[in-house]
Amino acid sequence: MQLIARNGSEYIRAYLETAESWTRVQGLSKSGKLLMCCCDHPAKATRSPRGLRHFAHMPGSACSVGSQESEAHLRLKIEALTVAHELGFDAIAEYDRGTIRPDVEVVQRGTKKNVAIEIQLSRQTGYTTNERTSARAAQNLDTVWFFGNKRDFDDAPKDQRHVYPVRLPSGDIEFQIDVLRKKLSAFLRGVIVFDDLSNLAKVPFTVIGYDFPCGGCGRDWYRTSYAGLYPNRIRGDLHPVAVPLASLGDPAEALKTLAERTGKATGRVAPGGMGLLCPHCGTAPEAEFITPEVALRAPARNISGHRDMRRFSGLKPGWWWRRNPVADEHWSDAEWAAVIEQGINAIKTERQRIAREKRLAEERRRMEAERAEAIRSATAAELSLLTEMLDPHLGAPGTQAWLDRANDILGEKTPRAVVQQHVWASHSLPPVAHSAATALAIRMLDGSERLTEEQCGLPKKNLKQLRKSRRQTTASPASSSSLKRAWEGLCRLMFG
Ligand SMILES: [Zn+2]
Ligand SMILES: [Zn+2]
């Protein structure tokens, strides 16, 4: 089955003939003037069982060109021609280029190379595909393959600009025609393009930060754990991603630039390069409470520069459906400020709790020190009294010997031990440093038990107020693994 035959120097294209003009072609065929383009053997103008006009070798030919081509092949070929023509391209079927004869050749505008479109329904090894593709490339043609066999498609290269393989679904020819139309049209319109990732070489990024009150010196500094990368502004199939600032190469340099531009006190890079410290006193901040998802919502009005994302992206060169860039979404200044305020309030509440515990521990240490001193001096006082009482009668050595000799009356203990035990017993401390009132206040603030009005000793109104205040200051998305997750997010860039 072929679509072109020749009458002298006139080329006749079966797919362009009408019902009337086909009668003339059949006349030429009967008179023996019509020749096959492949071998100049007389051509027969005929129709397939479904009525597709085409040419075949008259009986007696040994030429095998086109003999493998089924009606499905012919219909797909005509569909390829139709799609190209509809889009305004010059296209020709079975154009003989000497060593090759592409099913359809599409003439590209400008400097773009012409495209050979090949319908391959019968089996073809990967080796043959490469050979035939190379033969087309040698004639300055790119090749679009439509494979009817999955294995042939799997074997074909997917990472080369000059060859675009497409898999046709098996079975229903109407469905195959549909897929060919959709893919070829997208290819010719430039919607499916070869992506060499060069567009990811300059991805805009911004440094995300907020004013953070240092827990060490109390002064504010501009905490910038994340950078936001916005590949979505370049390609619609990629999402923005928040990454640890340190992963952008030289964080110290970025922070210096940021400080110069914003006038803010930016953080100091911690030894080892990961994490930031207070630039005033070097105190490490609490775990970052901003998650990567939240970071990307920061009002990003200042794009700080561009970064090459190719080595992070995990993408490989290949064919993709181009999607137009999409806008990233940000919160308003007020919404962002509210989130930051909530996080910082939670940190402040936690600092108060830690400070409270520290004060109580100090109080207990002080009491224990006082007690030890009291025991020491009381013991010394009583022993001194005993010595004063007995020395004049027993002499100093005698008194000391008595003090250290076990005594029946004292229950097999020495007088010195008995004095010590007595003093210890009379200086016992309460089991905790603080009173039950303080313990109750701690339970009320802790919030892990739901205490009643009576248990708290609070009017209902005040109890409600306490619960509300506690929620506001402790609810927090704090997560020490935020940065780790940011890093993982970067390593597996999500697709749209
Ligand atoms: Zn032939
Ligand atoms: Zn500080």
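The values are calculated or read from the model by the stated rules, or taken from the named source; none is laboratory data. Keep in mind the model is a prediction, meaning the values are calculated, not measured. Counting neighbours? That spans all protein chains shown, and the Cβs are built from the backbone with ideal geometry, glycine included. Ligands, DNA and RNA are excluded from the accessible area calculation, which covers all protein heavy atoms including side chains. Shrake-Rupley method; radii C 1.70, N 1.55, O 1.52, S 1.80 Å.
Applied to segment 194-205, the Karplus parametrisation 6.51 cos²θ - 1.76 cosθ + 1.60 on θ = phi - 60° returns per-residue 3J(HN,Hα) values of 7, 10, 9, 6, 5, 6, 8, 5, 10, 9, x, 9 Hz, with x for Gly and Pro. Each stretch of four or more DSSP H residues adds -39500 (n - 2.57); spread over every residue of the chain, this sum gives -13500 deg cm²/dmol at 222 nm. Dipole magnitude for segment 1-127: computed about the Cα centre from +1 point charges on Lys and Arg Cβ and -1 point charges on Asp and Glu Cβ, it is near 120 debye. Highest mean first, the peptides 121-132, 195-206 sorted by other C-beta atoms within 10 Å per residue fall in the order 195-206, 121-132. By DSSP, the beta bridges lying fully in the chain are antiparallel in about 75 percent of cases. If you roll a 1.4 angstrom probe over the protein chains with everything in place, what fraction of the accessible area of the chain belongs to carbon and sulfur, to the nearest %? Carbon and sulfur together cover 53 percent of it.
The amide H of Thr266, built 1.01 Å from its N in the peptide plane, has Tyr222 as neighbours under 5 Å, considering only residues 5 or more places off or on other chains.
Run the Debye formula on the Cα coordinates of segment 375-474, all scatterers equal and no solvent, and tell me log10 I(q)/I(0) at q = 0.14, 0.19, 0.20 1/Å. The computed values of log10 I(q)/I(0) come out as -0.65, -0.95, -1.00.
Shape class for segment 4-195: prolate, because the ratio a/c of the largest to smallest gyration tensor axis (alpha-carbon atoms, square roots of eigenvalues) is 1.5 or more and a/b beats b/c.
Near the amide H of Lys413, within less than 5 Å, lie the amide hydrogens of Asn407, all on another chain or at least 5 residues away, with H placed in the peptide plane. Positive-end ranking of Ser198, Asn324, Gln400 along the dipole of the chain, with charges on Cβ about the Cα centre, is headed by Asn324.
Measuring nothing but how far apart in sequence close Cα pairs (under 8 Å, 6+ apart) lie, relative to its length, segment 1-130 scores a relative contact order of 18 percent. With the highest mean first, a sort of the peptides 382-390, 218-226, 452-460 on other beta-carbon atoms found within 10 angstrom per residue produces 218-226, 382-390, 452-460. The phi-based Karplus calculation (6.51 cos²θ - 1.76 cosθ + 1.60; θ = phi - 60°) puts the 3J(HN,Hα) values of segment 231-239 at x, 4, 6, 10, 9, x, 8, 10, 9 Hz, whole numbers, x for Gly and Pro.
Computed over neighbours whose Cβ is under 12 Å from that of Gly236, the net charge equals +2, Lys and Arg +1, Asp and Glu -1. Restriction of the trypsin sites (Lys or Arg not before Pro) in segment 339-405 to DSSP coil positions whose beta-carbon has at most 12 other beta-carbons within 10 angstrom yields Arg405. Distant-in-sequence amide contacts of Arg307, defined by a placed amide H-H separation under 5 Å and a gap of 5 or more residues or a different chain, comprise Val203, Phe205. Ranked by the mean number of other Cβ atoms within 10 Å per residue, highest first, peptides 408-414, 281-287 order as 281-287, 408-414. The spacing between segment 137-186 and segment 219-281, judged by their C-alpha centroids, is 45 Å.
Applying the Karplus relation 6.51 cos²θ - 1.76 cosθ + 1.60 with θ = phi - 60° to segment 316-329 yields 3J(HN,Hα) values of 10, x, x, 8, 8, 6, 5, 10, 5, x, 10, 6, 8, 10 Hz, where x marks Gly and Pro. Dividing the Cα radius of gyration of the chain by its Kirkwood radius returns 1.38 for Rg/Rh.
Close Lys pairs in segment 4-195, defined as Cα atoms under 17 Å apart and 8 or more places apart or on different chains, number 7. Quick one: Cα centre-to-centre distance for segment 332-357 and segment 374-420, in angstrom? If you average the Cα positions of each part, the centres end up 61 Å apart.
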